[in-house]
Amino acid sequence: MTAFHPRLDELPEEIAVFPLPGALLLPGGRLPLNIFEPRYLAMTQDSLGAGRMFGMIQPEPGARRGETGPGLYRIGCLGRLSSFAETEDGRLLITLTGVIRFRVAEELALRRGYRRVRADYAGFEPDLDLIDQPAHIDRGALLGALRPFFKARGIEANWEAIEQTSDALLVLTLAMVCPFEVPEKQALLEATTPEERAAMLVALLQMGAHGDPGGDTPSDRRPS
């Protein structure tokens, strides 16, 4: 739970968006970002002076390119800049904490090179409830799918820490950090309930344990 708990009527109607394939932000999750491109440095600086919020959204594979860039999925997640540091070479190291999902109602004109949308939060109001309520998930099935997935991908894990993590936080963290494909990340974002997201996560882990261990992680990809 965080100290920042806005009401629905306090959320911005117009937001900057950061289109980044494979980078998933969920409400309550924390996403570290290394900002170095001029347009996204401008976006971050502008956001710091105007509510400290912008949205994460993925470009949709195969979607038609528009005047402002690649076609985007219609649903993203609004985040708040919860930590910020500047490096000697001018990069910005930030952490974005997920607030609420949004639907793109309309794309707006570029500002200083970065993309902006009019956000519709209707239907996502439960995201603002930051109380860590127990999620009704099959923890045994989740951990049973996670171990072979990590083994197949060569991922080392602190199993003691995983065992001590709450169900809700475990689902949130795994959904964000596991190296799934862009459409799979989007499906996790759009899941209606934590239980639905957990069931989808188990299915993706099971499929991924028998699939191609190659592919980029989100940190290897560049924004669009």
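Quick grid of which residues meet (1) touching a strand residue (DSSP E or B) at 6+ places or on another chain (Cβ under 9 Å); (2) in contact (Cβ under 8 Å) with a residue 24 or more places away in the chain; (3) of a type outside the set (S, T, N, Q):
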site: Pro6; (1), (2), (3): yes, yes, yes
site: Ala16; (1), (2), (3): yes, yes, yes
site: Thr44; (1), (2), (3): yes, yes, no
site: Ile57; (1), (2), (3): yes, yes, yes
site: Gly71; (1), (2), (3): yes, no, yes
site: Arg74; (1), (2), (3): yes, yes, yes
site: Ala85; (1), (2), (3): yes, no, yes
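Of all the numbered requirements in (1) surrounded by 15 or more Cβ atoms within 10 Å (Cβ to Cβ); (2) outside the structural domain of Val182 (by TED's automatic domain parsing), Ile162 misses one, and that requirement is (2). Considering region 200-224, and only residues there that are among the small types (Gly, Ala, Ser) and at pLDDT below 95, the residue that is surrounded by the fewest Cβ atoms within 10 Å (Cβ to Cβ) turns out to be Gly214. Within region 118-136, none of the residues are within 16 Å of the chain's Cα centre (by Cα), hydrophobic (A, V, I, L, M, F, W, C) and farther than 24 Å from Met53 by Cα.
Screening Ile155 on (1) closer than 30 Å to Gly71 by Cα; (2) β-branched (Val, Ile, Thr); (3) surrounded by fewer than 16 Cβ atoms within 10 Å (Cβ to Cβ) shows it passes everything except condition (1).
The values are calculated or read from the model by the stated rules, or taken from the named source; none is laboratory data. Small disclaimer: the values here were computed from a predicted structure and weren't measured. Heads up, the Cβs are rebuilt from the backbone with ideal geometry, glycines too, and the neighbour counts pull from every protein chain shown.
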